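Below you'll find the structure, written out as structure tokens, and then a few comments.
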Amino acid sequence: MWFEHADRDLHTVFDALVELGAVDRDRGMADPVFLDVELADTGGGLPADMPPELAELLGAAGAAADSAVQERARALREELTSGPVELICLTELGTRAVRQRLLAVGRDAPLVGEPAKASAAGLLGVLAEDYDQDAARAELAGWISARGDRDAALRQLTEAVGTMEFRTRAQAMLDALFAALPDGEGERLLRALRGDPVLAPLALTSLARRELLSPEDMSDAEHLLVLAESLLQLMEPAGGPGGAEEVLRAQGSEVRDAVAAALESAHPDRAGLEELRRLTTRALRTPASHLGRAGKRRRGAGNSGRKRHR
């Protein structure tokens, strides 16, 4: 009876919202997001203070031990996958109202078109964090259009990536720019940046991760750039120097030659590489001069040495 009352009341609310123009109702297959969360394990990953009625509605095994709860959970999943169900979608009016409510309580709710006057770094930051691909493309197109000259606008964006201090953040910004550009333009941009003295490591990494550039198509110098970039990015989320040392120590002695090779690369972040050298020396308790000798041995290893550290 509780479920029947709740169902009736919920439909009454949606009827009112439809009349107000805040939502649209339709029928179709349930979005997979409702099937991704596993609630059947102990506790269901639900908050401890969740009302038991709501926990039962969601089908959490921890809400009650009786088989009726499990049967409702099974029936709900079957209903969501067996055919069309009722769908609710916000209208433009509803979206605006929800956004105003979010802003009123201090939540971040970016609106497509708002960052048109933002800096290049600010734009790429929000694209990387807050927008899906379609919205990001619309936002980038509006930002570029507001500046008139497309080539100049793209230069501003790539320069913003190059001035970012943190390597992982710079990589995320460049990846966001790649994804937001029209089909094919992102790849052309990355390939054009292969020869850039500042952005080449990031561009090569993006191309390699997307399998748009095979290892055989990279020169020895480019392999070293990718190696150096991967090591520098590996160090950043490690929680400071102590954490970075732990990461290096966990890699064992094999990291010694990799770091030596990275130090010989033309990577522009020389300060980062020097910090990497110091951390490696300390983590492995290896004299700094040994790193240089390891690098000399590696130079004589030829292509096989390069493949070892790719």
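Looking at segment 159-196 only, could you name the residues that are surrounded by 14 or more Cβ atoms within 10 Å (Cβ to Cβ) and on the phi > 0 side of the Ramachandran plot?
none
Right, Val226: over 23 Å from Ala172 (Cα atoms) and surrounded by 17 or more Cβ atoms within 10 Å (Cβ to Cβ) or not?
For Val226, the condition - over 23 Å from Ala172 (Cα atoms) and surrounded by 17 or more Cβ atoms within 10 Å (Cβ to Cβ) - is not met.
I'm told Gln156 meets every condition in (1) of a type in the set (S, T, N, Q); (2) surrounded by 14 or more Cβ atoms within 10 Å (Cβ to Cβ); (3) over 30 Å from Asp196 (Cβ atoms) except one. Can you identify the failing condition by its number?
Going through the list (1) of a type in the set (S, T, N, Q); (2) surrounded by 14 or more Cβ atoms within 10 Å (Cβ to Cβ); (3) over 30 Å from Asp196 (Cβ atoms), Gln156 breaks only (3).
Tell me which residues, restricted to segment 123-153, are loosely packed, with under 13 Cβ neighbours inside 10 Å and assigned to a helix (DSSP H, G or I).
If the condition is that a residue be loosely packed, with under 13 Cβ neighbours inside 10 Å and assigned to a helix (DSSP H, G or I), then Glu129, Gln133, Asp134, Ser145, Arg150, Asp151, Ala152 are the ones that fit.
Conditions (1) outside the structural domain of Val255 (by TED's automatic domain parsing); (2) modelled with pLDDT under 95; (3) within 30 Å of Arg256 (Cβ to Cβ), marked per residue:
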position	(1), (2), (3)
Arg137	yes, yes, no
Trp143	yes, yes, no
Phe166	yes, yes, yes
Ala203	yes, no, yes
Leu227	no, yes, yes
Leu231	no, yes, yes
Met235	no, yes, yes
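For Ala203, indicate whether it is under 22 Å from Ala160 (Cβ atoms) and touching a residue at least 24 places away in the same chain (Cβ under 8 Å).
In short, yes.
Hey, any hits in segment 78-98 for a residue that's of a type in the set (Lys, Arg), within 26 Å of the chain's Cα centre (by Cα) and part of a helix (DSSP H, G or I)?
No, segment 78-98 contains no residue that is of a type in the set (Lys, Arg), within 26 Å of the chain's Cα centre (by Cα) and part of a helix (DSSP H, G or I).
The values are calculated or read from the model by the stated rules, or taken from the named source; none is laboratory data. Keep in mind that what you see is a predicted model, and the values were worked out from it rather than measured. Here the Cβ is made from the backbone with ideal geometry for all residues, glycine too, and neighbour counts use every protein chain on show.
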